[in-house]
Each structure stands twice: as structure tokens, then as C-alpha cells.
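Asker: Before anything else, here's the structure in question.
The values are calculated or read from the model by the stated rules, or taken from the named source; none is laboratory data. The structure presented is a predicted model; accordingly, all values stated were derived computationally and were not measured. Please note: Cβ atoms are built from the backbone with ideal geometry, for glycine as well, and neighbour counts cover all protein chains shown.
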Amino acid sequence: MSKPHSEAGTAFIQTQQLHAAMADTFLEHMCRLDIDSPPITARNTGIICTIGPASRSVETLKEMIKSGMNVARLNFSHGTHEYHAETIKNVRTATESFASDPILYRPVAVALDTKGPEIRTGLIKGSGTAEVELKKGATFKITLDNAYMEKCDENILWLDYKNICKVVEVGSKIYVDDGLISLQVKQKGADFLVTEVENGGSLGSKKGVNLPGAAVDLPAVSEKDIQDLKFGVEQDVDMVFASFIRKAADVHEVRKVLGEKGKNIKIISKIENHEGVRRFDEILEASFKCCSGAIIVLTKSGRSAHQVARYRPRAPIIAVTRNPQTARQAHLYRGIFLVLCKDPVQEAWAEFVDLRVNFAMNVGKARGFFKKGDVVIVLTGWHPGSGFTNTMHVVPVP
């Protein structure tokens, strides 16, 4: 016998950790989690898979999709456009092979990961697989002489960044291979640096190099990146993983290259160096397509505004009501700025909604919550009265 509807609903909700979900703080949420609760079948995070030579066949991609792949990442640091075009075709062929069964069908996104303005080392002893061991305290030379491009060893390392001697100082740090190896500059020359190994280890070929604190003057988008991004637009990729983003202007530069045809492509900024970390806030702001200046809630009883306040949004909540008592009682809740609208009720509901939203915007601009050109989120209902709030709009401030 099947469970009654109410009982089944309760059992389902219990598996969703509802008791913990209603906590007011993160610590309380963690304390309320039921460790004996069975896991839910729906996954909350997407799986991004890098597609390489071993995984680019249609059959392998089908198995990856069955196993849960949501995004196919293509690394444009390697491979030609012809190679990547074939991979994209294979991803879409594998995806559409499930189209006949709507239950199994899962749309898979294609992500283009740019090479970006990175600094890389040369080849170790002419081989892409060779490694050398760097000992702590050893003297290690960095050179720009192209004669060593494929002849790096445990004593000397070639880099592809020609201005390194201009942007680092004696005492500066140089991190190689994602920081696994750290060097300190002891001496500068016109085309070489003498360093001391602070943290040693195995060094392979073509490793990334970071210069913390240095004003690296590499272009935000290289000529290769421009060609790759244009190729991505032609191939209708869904997102771009923009490598080595250092400042907000870099994000805007990527968006500019994508142009009108690529306006719907999402940009994910990759913070991969010291400058990017220091400028994180401006990069974050530039990465958002919509940064809400405020949340405007049209409410009769105040309950909708109270529920929004529970989630502690960083944007102010402007609650518009015609009920004086609702306005006064809302002061008990965090982050709600009350606006009492005394204009008469309009016969047309849509016109009355617009009237109150415009009133809230005028108040918000006067109070400095936002300015012309910003965007606000408006929560309202489709019908007069309490309990009908079900609509959200993103509205530019006039």
C-alpha cells in the first residue's frame, strides 16, 4: 500500500535536511545536519570534464555523459582549431545520441578554456617528459637566451617572458609549477636572473610561472586568445573560462572580443596569480552580468519581505506597503527599509505595480541605494492581496 500523500511528503522533506536548512547561521546549520539521513538522488553541483586525446571519441563521451558529465572543457593551450572543432562535433554527437529518450537525455555544455597571458618554462633536456631535481639552497639561473629554450636542466631555466628582468627586483619571489618550486632573486642581469632555490622539487617541461607582486605587462588577451575566442563564437560554445584574469578590464576585453554574436556566452574568470587575488573584488563585479543595487518587494502583510530578509542578502530590501502597521512591524527584521505608499489603489493591477515600483526607485535613488543605470530586483505578485508573491523581475533604474 502506498503511503498517504501527507506522510510521503513528510518523508521526502526529511531527506532534504529541512531542519538544518532553516537555521539562521552557518554554524547552526552544520550542527543541525542529520548525518544518518540518506543521500538525495539529485546532485547539487555540476561536473566539468576536460576532454583530451584519450576521451574525445564519441563512445567514450557517451560513457562520460552517462556517468554525469555536465560540461566538456576544451583546453586551448594545446591543439589546433581543426582538432577542437572535431572534439566539439563529437561532444554534440554523443549528446544528441540520447535525444530519442527524453528521460536519459542530458544537455552538455561546451567550455572554451583560453591559454591566457601565462609565463612558461622551456623543455627539460629537449624532452616533454624529462624531469630534473632542484635542491633547496642551490643557485639556479633563469635566462632569456633562446639557445636554452629546449636545453633547460638543473642549473639553468629558460622562460618565455622577455620582460622578466624589468619587472622583478632582487629579493623577489618566483613560483614555478603552481608554486611547487619557489625561487628568490639574488642578482639581475640584462637577460638573466640568478636565484636561490627556496623550495625544491622535481621540475618538468613547460611549467607555469607566477611572479607575485610584479606588474606583469603581458596583454590581457593575446593574439592567440583573440583567434580562439572568435573560433569559439563560430562553434557556438556555451562558456569561456578566461585564464589569468588580473583586473576588471581583462574581463571587459574578453567580452569585447566575443562581440555581438557571442553576447550570450558566459565568462568565468580564472584567478591564477597574485595580481588577480589583490583585485578580486573588481574582477568579481565585472564578472557579474547583474549586480543588484537593491531588492524591491511589494507587500501587503510584510511576509514576503520578512522571508527575503531571512537569507541576509547584501543588497538592501526596499519593502513597499500601504499598511502603516506592516511598515512599523517590519523594523523587527534585518535589512528591510520600509516605504509607505499612500497613493490611491489603481483599477489596473499592472499600473498599480508600476506606480509602487517607480515610487520605491525614487526613494532608493534619493537615499543613495542605487543610481541611474543600476539594476534592481523586483518581487511582486500576479494578483492583489496577501500570499500571491510569485514573480521576480530584473529592472534597470531609470
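Asker: I'd like to know if the stretch 274-282 contains one or more residues that are of a type outside the set (V, I, T), within 30 Å of N362 (Cβ to Cβ) and assigned by TED's automatic domain parsing to the domain that holds N70.
Answerer: Within the stretch 274-282, one or more residues are of a type outside the set (V, I, T), within 30 Å of N362 (Cβ to Cβ) and assigned by TED's automatic domain parsing to the domain that holds N70.
Asker: Within the stretch 119-178, restricting attention to residues that are without any contact (Cβ under 8 Å) to a residue 40 or more places away in the chain and hydrophobic (A, V, I, L, M, F, W, C), which residue is nearest to H78 (Cα to Cα)?
Answerer: M149
Asker: Scan (1) modelled with pLDDT of 85 or more; (2) closer than 30 Å to V308 by Cα for the single condition H78 breaks and write down its number.
Answerer: So H78 meets the others, but not (2).
One line per residue, one yes/no per condition, for (1) hydrophobic (A, V, I, L, M, F, W, C); (2) farther than 30 Å from E260 by Cβ; (3) crowded, with 17+ Cβ neighbours inside 10 Å:
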position	(1), (2), (3)
Y148	no, yes, yes
V176	yes, yes, yes
L183	yes, yes, yes
D191	no, yes, no
S202	no, yes, no
V216	yes, yes, yes
D236	no, no, no
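Asker: Sort out which residues of the stretch 108-130 are of a type outside the set (A, V, I, L, M) and in contact with a Lys or Arg (Cβ under 9 Å, 6 or more places away or on another chain), and write them in order of number.
Answerer: Correct list: D113, T114, K115, G116, P117, R120, T121, G122, K125, G126, G128.
Asker: Filter the stretch 293-337 down to the residues that are among the aromatic types (F, W, Y) and in contact (Cβ under 8 Å) with a residue 24 or more places away in the chain, then identify the one that is farthest from F26 (Cα to Cα).
Answerer: So the residue we want is F337.
Asker: Considering L340, L298, L332, L355, which residue is farther than 30 Å from V251 by Cα, exposed (fewer than 14 other Cβ atoms within 10 Å of the Cβ) and aliphatic (A, V, I, L, M)?
Answerer: Sole residue among the options that is farther than 30 Å from V251 by Cα, exposed (fewer than 14 other Cβ atoms within 10 Å of the Cβ) and aliphatic (A, V, I, L, M): L332.
Asker: Within the stretch 105-148, which residues are in contact with an Asp or Glu (Cβ under 8 Å, 6 or more places away or on another chain), among the hydrophobic types (A, V, I, L, M, F, W, C) and closer than 24 Å to S222 by Cβ?
Answerer: V110, A111, L112, I119, L123, L144
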